[in-house]
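Below is one structure; the comments refer to it alone.
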Amino acid sequence: MMHGLLKKIDSLIGFREASAHCDVPCGIYDPHLTQLAAHTVIRMTKLIKAFPEPTKNEHVHRIVRYTQVKDEYAELCKHELRILFGDYFKEKHIQEYPELPKLFVNALRLASKARQEINTEASNELLTTVQKIAEIFWKTKGLEPVRVKSPYPTGGEMVLHK
């Protein structure tokens with residue numbers, strides 16, 4: 001019923017067709033949050049694994065908080081990956097970098113595994129995969145990717161650009 005009403009209004013007023021290129025203005029995409037989230041997952045995983053057996057309620061509370069943060073940042077990483085793959089990367093990028101879809105699927109699966117488990121290997125692999133995506137991202141922008149030591153307690157690197 002509503003569709004028919006809109007058609008009648010359109011025939012009277014004559015709406016112009018509108019289109020949008022992406023969800024946010026071009027140039028706002030950045031893989032920084034995916035890397036930050038992966039570093040956080042690594043940090044929380046290390047804190048959980050290093051914690052002694054919980055003997056007091058405050059210990060249990062702390063482990064629950066670490067786990068919640070780990071899970072939130074794994075989900076943030078997945079969210080940012082979906083935006084990059086769905087909104088930024090185009091068919092021309094996939095043709096130039098055919099490994100992109102597999103990298104994204106792998107990163108999404110690793111982030112899920114990092115949520116489901118307390119798994120240092122999966123957390124580290126998540127960061128490595130996200131960094132590969134970041135390198136390709138900067139190349140598609142015509143910028144040279146560089147790895148720099150991160151200031152985070154994870155001791156890892158961040159992929160930035162020159």
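Throughout, read-outs are computed from the coordinates displayed, never taken from laboratory work. Source: prediction; values computed, not measured. Ideal geometry is used to build each Cβ from the backbone, glycine not excepted, and the neighbour counts take in all protein chains shown.
Tabulated data for the structure shown
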| item | result |
| --- | --- |
| Hits in region 132-149 (condition: crowded, with 17+ Cβ neighbours inside 10 Å and either touching a Ser or Thr at 6+ places or on another chain (Cβ under 9 Å) or over 24 Å from Ile94 (Cβ atoms) (or both)) | Ile133, Ala134 |
| Selection from region 68-96 of residues that are surrounded by fewer than 13 Cβ atoms within 10 Å (Cβ to Cβ) and part of a loop (DSSP other than H, G, I, E, B) | Lys90 |
| The one condition in (1) closer than 15 Å to Ile42 by Cα; (2) of a type in the set (S, T, N, Q); (3) without any contact (Cβ under 8 Å) to a residue 24 or more places away in the chain that Ser112 fails to fulfil | (3) |
| Of all residues making up region 49-67, the number that are surrounded by fewer than 16 Cβ atoms within 10 Å (Cβ to Cβ) and within 18 Å of Leu126 (Cα to Cα) | 1 |
| Count of residues meeting criterion [over 17 Å from Gly86 (Cα atoms) and assigned to a helix (DSSP H, G or I)] in region 133-143 | 2 |
| Some residue of region 131-148 being of a type in the set (D, E, K, R) and in contact with a Leu (Cβ under 7 Å, 6 or more places away or on another chain) | yes |
